[in-house]
Structure formats: C-alpha cells, structure tokens
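Trainee: Mind looking over this structure? Questions follow.
FYI, it's all coordinate maths here, none of it is from the lab. Since we're looking at a predicted model, the values are computed, not measured. Cβ sites come from the backbone with ideal geometry, for glycine too, and all protein chains shown count toward neighbours.
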Amino acid sequence: MLNLTNLRLLLAQALSTGGVHTATLLTPEGQLVSFASEPPRPKDEIRVLVGLSSEIWQESKEEGVGMADSELGRILVVPAEGSRRLQEENDDDNDPFLLLALNASSNVSWDLLEAKAHQVSQYLDKPVSNLRRPGR
C-alpha cells in the first residue's frame, strides 16, 4: 500500500532542484494521488496542473514521456517506474497505473527535468509495483 506521508516526502525531494516547484502523482485519467509544492500552492492550482498533465500524457504517451510549456511553466509527465512493468504485463492496458508530473519554471532544462523525474520515479518502483500484484 502507498503511504501518503512518505509519498509527499518523496515528491518533495524532487523540489530540491532550483526551479522545480511542484511534483504530482496522478492517474492517467487525471485523478490526483499526492503532491508537493514549494512555495505552497492552492489545491485548485494543483488540480489544474493535474488536468494539464493528464492531457499532455494522453497526447504523447506513445513517446513514453510528455512535455509541454504552459502558462504554469514547464510540465514533464512520465509513468511511475513500477507502472511501466505493469503496463508491459497487461497488454490490454494502454496506460500505466500512475504518472509522475513535474512542474518547473521555464529556465529549467528539459534534460534536468527528465533526469529528476526518472530519479523520483525509481523510488516509486516497489510501492507502485506492489499495488496491482496482490494475486501475482
């Protein structure tokens, strides 16, 4: 099971890079699971970010990563590590179980955002993999 307190702490680690101000964990359908932001942002703004992230993913999921510049800054969306394996195991399921979205100012490079997303996603590997494997 995912521990929301631990998730927030993990997502907060993504904010240690200058310019990355929000990290969210969401479903491909656009449901918010957890988030961290610095400075703190109203939940309505987080929901807008989650909605945009879900749309970005739907438009670019074949590439395995979604990227967009928006009025909120740069948004990068990747599957959580464990979600990739679950997606491969379930051929009928086109979407990963969970997505990680990072939001940063426009001066943060895409390469830095992608590296940070990969790092955080790897920490999510075991908890996410265990979510859909109770009978396996």
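Trainee: How much net charge surrounds residue 109 when only other residues with a Cβ under 15 Å from its Cβ are counted (Lys, Arg +1; Asp, Glu -1)?
Mentor: -1
Trainee: Taking 0.36 nm per intervening residue step and subtracting the Cα-Cα distance, what contour gain separates residue 63 from residue 5 on full extension?
Mentor: 17.8 nm
Trainee: Something else about it: At residue 109 and residue 12, where each label point lies 7 Å from the Cα along Cα→Cβ, what is the point-to-point distance in nanometres?
Mentor: Result for the modelled spin labels: 2.9 nm.
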